[in-house]
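Asks: Mind having a look at this structure? Questions to follow.
The values are calculated or read from the model by the stated rules, or taken from the named source; none is laboratory data. Quantities reported herein were computed from a predicted structural model and do not represent experimental measurements. Positions of Cβ are generated from backbone atoms using ideal geometry, with glycine treated the same way; all protein chains shown enter the neighbour counts. These area figures cover heavy atoms from the full protein model, side chains too; ligands, DNA and RNA do not enter into them. Shrake-Rupley method; radii C 1.70, N 1.55, O 1.52, S 1.80 Å.
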Amino acid sequence: MSTVALLRIDAQISTIDKVICRHIDSLGTSPRGVVSQDILSQLRNFVEHIMLKFYANGQDIDNSYENICKAIDFVKSRGNLKVLRRFHDYLQIVASHYTLDEENSERLMLKYYEYLLKIKNLLHESFSLDVLGNLDKFPLNTDSTLQEYYEKIAAKIKRHNIQGVGKSEKYYIQKIKPFFIGQRIYYEVTFTPANDYASKFNRVIAFTSLEITDNYAVKFALAPDSIEILGKTMPIIVIVGWEVAIRDCEFKNFTRLIRGTPIATGYAEQQGISQFLTSTGFNLTELVDFPDAEFQKVKQRATQRAKAIVFFNDLERCRAIIKANSAGSNLLRYLLYHMNNKVIKNQQQSLANDNLSGLYVKNGCIPFDSIPFNFSPIGHNPRLGDLFACIDATERQHEILARLVRNNTEIKGQLFTPVKDIVGFDDIAALVRTYNAALWHGHHENSKLVIETGHIFINGYKNDTLFIIAELEDLSKSGVQNYSNSVRAWLSEPNHGVDCDEKKEALIRMFENSRVALLYGSAGTGKSTFINHIAHLFADKKKLFLAQTNPAVDNLKRRVTASNCTFSTITKFLKRQGITTDYDLLIIDECSTVNNRDMRDIITKATYKLLVLVGDSYQIASIRFGNWFSVARAFVPEASVFELTKPYRSNNAGLLTLWDRVRKMDDTRVSI
């Protein structure tokens, strides 16, 4: 019997594989978070050895640092190996630099499961090398009912053959969610029509086993089908074919951004680019990073039938800017990665911008270009994963730190982050200095990071909060002369409409000693009715009503029946020029949804004598940092704060108690 000697590289891969499998086997006795930590510590080494295996084309090779560097460069231009390069990039960003806690390690492993399964299948198909034999034992926390649903969908997908796309509408992909059945990967794809006006109401969900690029417009071949679930027939859609189909307007507008003039890219060149992106899975950012020889090969193949070359010449210009790391390079990297017409148009201007290498883009792009991990392109908020995919984060720890502080503020409502609670960063004070030095001179002082008394914060958030509180305190120092007597006289007249003693008392006291009033109350306590009473009380005065959303403004228009009233969303009021800003009374509804920056801008732009702030501190919070309404009551006199407590939508005591406890996230539960 002949024996085949095991290659050294195979032995090394096998050794790492055994360690990973041993950790997976320990799931019965160890928490998933601890096991995830152990596995993550092995993954970078595992992936680099697999890269060596492909670089050596199945032959033996030493695992030297020099060979690993060559192997990494090798996989960069191989579309069939993109999973290795992208997984390695993620590991470089996270696992190789930080020791993650159990919770974050667990989350990463759930995300990395897809990559590990792809690598397992890739090694088996390419070299008949079997690894990760017990990967299916790693728990994914899939609901049993949901698992049955996905199993039936997977069975339907298997019955469909892959087809060409042919004529099809174009779509933007909003989300791709993988699911796993029988050690195979399937995808739930959410998409909308590829136009500048699509909304969440246009979304469609379909399923496929095809690996689809989600950062460009695409065409689909769709097949209707159905499954039986819980005794019902449910229609589903299966994607049986796809291709990248960047829109003509996106090519034109990108050309305008480079040249200042929109020039059409011919059909043949568009098709060549789409075929390259579809067949390889590469994106345009990766293409401009290709070595010169590889880039020219792709260009020649993609344009061989083109009568004139347009877009590839633009890519040549992009390559020059990006290779030199000139101003504008990060903006170009992102726009090439995510060719979206609306996003591209938002950045454009008619004049070349010398601050950004002569690109025809606005100065407002500079913050993102200089600090991409903590600022955004104009009118668009990129996903963090997309930024990591197209911009090297190696030398940008200061930006990641600033993003962490910003997220603590905007998402967690934590204005001041204790420095001692920040892990994974070396010399935080030095990173703060680096970040502040990197800010463009056009940035406001408010953008700076500050460390004081053991806490780190973004200066602007603190300044906005202090400005708002100071304004409210100033308004609360004096009231309206003879106000209470005037209200009592008004209430003594017929048809005033106030039939609630709680509201009468609040109206009488509201502006007696203060020119600001804070009105709190849960849903159904009559806040809108009370606002209407205030409007009628000041019927002969100019009144401005502001709210965050159009539905909230429409509700005010329906409920407030007094004269001399102007209604507007906050965005329209702040952005429109030449509108009236001088009013006697300013009323802001649903204040908990108003962020600090907008609130500061409102009280800066508007001129008013009296201010009424209405909302529910238990209501949905603002998308951006907005703590001012919840803390305001601590800084104004108690006489300026009113809380409506009597609900009018139900008289059931049990239901009211339940509602109150749900609002306050009380652990106590009542049955009704």
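Asks: Please note which helices (runs of 4 or more DSSP H) are completely contained in the range 61-155 and include at least 2 residues that are modelled with pLDDT under 85 and open to solvent by less than 40 Å² (accessible area, probe 1.4 Å).
Replies: Details: elements: 65-76, 82-93, 102-127.
The helices (runs of 4 or more DSSP H) meeting that bar are 82-93, 102-127.
Asks: Please enumerate the residues belonging to the range 493-507 that are outside any loop (DSSP other than H, G, I, E, B) and not charged (D, E, K, R).
Replies: Those that are outside any loop (DSSP other than H, G, I, E, B) and not charged (D, E, K, R): Ala506, Leu507.
Asks: Here are some conditions: (1) modelled with pLDDT of 95 or more; (2) in contact with a helix residue (DSSP H, G or I) (Cβ under 8 Å, 6 or more places away or on another chain). Pro262 meets all but one. Which one does it not meet?
Replies: (1)
Asks: Ala198 versus (1) under 30 Å from Ile344 (Cβ atoms); (2) at pLDDT 90 or above: which is the lone unmet condition?
Replies: (2)
Asks: May I ask you to list the residues in the range 484-506 that are at pLDDT 90 or above and under 19 Å from Val614 (Cβ atoms)?
Replies: Scanning the range 484-506 gives a single hit, Val487.
Asks: Go through the range 436-459 and report how many residues are modelled with pLDDT of 90 or more, out of contact with any Asp or Glu (no Cβ under 7 Å at 6 or more places or on another chain) and not hydrophobic (A, V, I, L, M, F, W, C).
Replies: Qualifying residue count for the region: 6.
Asks: Now, a different point. Going by the conditions given, is Leu466 open to solvent by less than 70 Å² (accessible area, probe 1.4 Å), at pLDDT 90 or above and in a helix (DSSP H, G or I)? So that I can check it myself, show each step before the final result.
Replies: Numbers: open to solvent by less than 70 Å² (accessible area, probe 1.4 Å): no; at pLDDT 90 or above: yes; in a helix (DSSP H, G or I): yes.
Considered against the rule, which asks whether it is open to solvent by less than 70 Å² (accessible area, probe 1.4 Å), at pLDDT 90 or above and in a helix (DSSP H, G or I), Leu466 comes out as no.
Asks: May I pose another question? For the range 256-276, name all the residues that are outside any loop (DSSP other than H, G, I, E, B) and either touching a Phe, Trp or Tyr at 6+ places or on another chain (Cβ under 7 Å) or among the aromatic types (Phe, Trp, Tyr) (or both). Quick ask: steps written out before the conclusion?
Replies: Of all residues in the range 256-276, those outside any loop (DSSP other than H, G, I, E, B) come to 256-259, 267-276.
Result: Arg256, Leu257, Tyr267, Glu269, Gln270, Ile273, Phe276.
Asks: Got a number for residues in the range 304-321 being in a helix (DSSP H, G or I) and open to solvent by 20 Å² or more (accessible area, probe 1.4 Å)? Steps first, please.
Replies: Start the filter on the range 304-321 by keeping residues that are in a helix (DSSP H, G or I), which leaves 311-321.
Remaining after also requiring open to solvent by 20 Å² or more (accessible area, probe 1.4 Å): 313, 316-317, 320.
Within the range 304-321, residues that are in a helix (DSSP H, G or I) and open to solvent by 20 Å² or more (accessible area, probe 1.4 Å) number 4.
Asks: Looking only at the range 164-217, filter to residues that are open to solvent by 60 Å² or more (accessible area, probe 1.4 Å) and either assigned to a strand (DSSP E or B) or touching a Lys or Arg at 6+ places or on another chain (Cβ under 6 Å) (or both); which one of those is farthest from Tyr115 (Cα to Cα)?
Replies: The qualifying residue farthest from Tyr115 (Cα to Cα) is Lys170.
Asks: Applying the selection to the range 330-372, what residues are touching a residue at least 40 places away in the same chain (Cβ under 8 Å) and of a type in the set (Asp, Glu)?
Replies: Correct list: Asp369 only.
Asks: Can you go through Asn446, Asn408, Asn436 and tell me which one is in contact with a Ser or Thr (Cβ under 8 Å, 6 or more places away or on another chain), part of a helix (DSSP H, G or I) and open to solvent by less than 50 Å² (accessible area, probe 1.4 Å)?
Replies: Numbers: Asn446 fails: in contact with a Ser or Thr (Cβ under 8 Å, 6 or more places away or on another chain); Asn436 fails: in contact with a Ser or Thr (Cβ under 8 Å, 6 or more places away or on another chain).
Exactly one residue qualifies, and that residue is Asn408.
Asks: Across the range 1-60, which residue is farthest from the chain's Cα centre (by Cα) among those that are open to solvent by 20 Å² or more (accessible area, probe 1.4 Å), farther than 13 Å from Val131 by Cα and of a type in the set (Val, Ile, Thr)?
Replies: Thr3
Asks: Now a separate question. Quick one: Leu491 ticks every box in (1) without any contact (Cβ under 8 Å) to a residue 24 or more places away in the chain; (2) surrounded by fewer than 16 Cβ atoms within 10 Å (Cβ to Cβ); (3) closer than 30 Å to Pro367 by Cβ bar one, so which box is it?
Replies: Of (1) without any contact (Cβ under 8 Å) to a residue 24 or more places away in the chain; (2) surrounded by fewer than 16 Cβ atoms within 10 Å (Cβ to Cβ); (3) closer than 30 Å to Pro367 by Cβ, only one is false for Leu491: (3).
Asks: If we scan the range 565-586, do we find a residue that is closer than 17 Å to Ser640 by Cβ and at pLDDT 90 or above? Spell out the reasoning first.
Replies: Residues of the range 565-586 closer than 17 Å to Ser640 by Cβ: 585-586.
Of the ones still in play, those that are also at pLDDT 90 or above are 585-586.
Among the residues of the range 565-586, at least one is closer than 17 Å to Ser640 by Cβ and at pLDDT 90 or above, which makes the answer yes.
Asks: Mind checking which residues of the range 514-532 are modelled with pLDDT of 90 or more and open to solvent by 10 Å² or more (accessible area, probe 1.4 Å)?
Replies: Arg515, Asn532
Asks: Can you list residue pairs whose Cβ atoms sit under 8 Å apart, with the first residue in the range 301-322 being without any contact (Cβ under 8 Å) to a residue 24 or more places away in the chain and the second being crowded, with 17+ Cβ neighbours inside 10 Å? Count only pairs 6 or more apart in sequence or on different chains.
Replies: Listed pairs, sorted by first residue: none to list.
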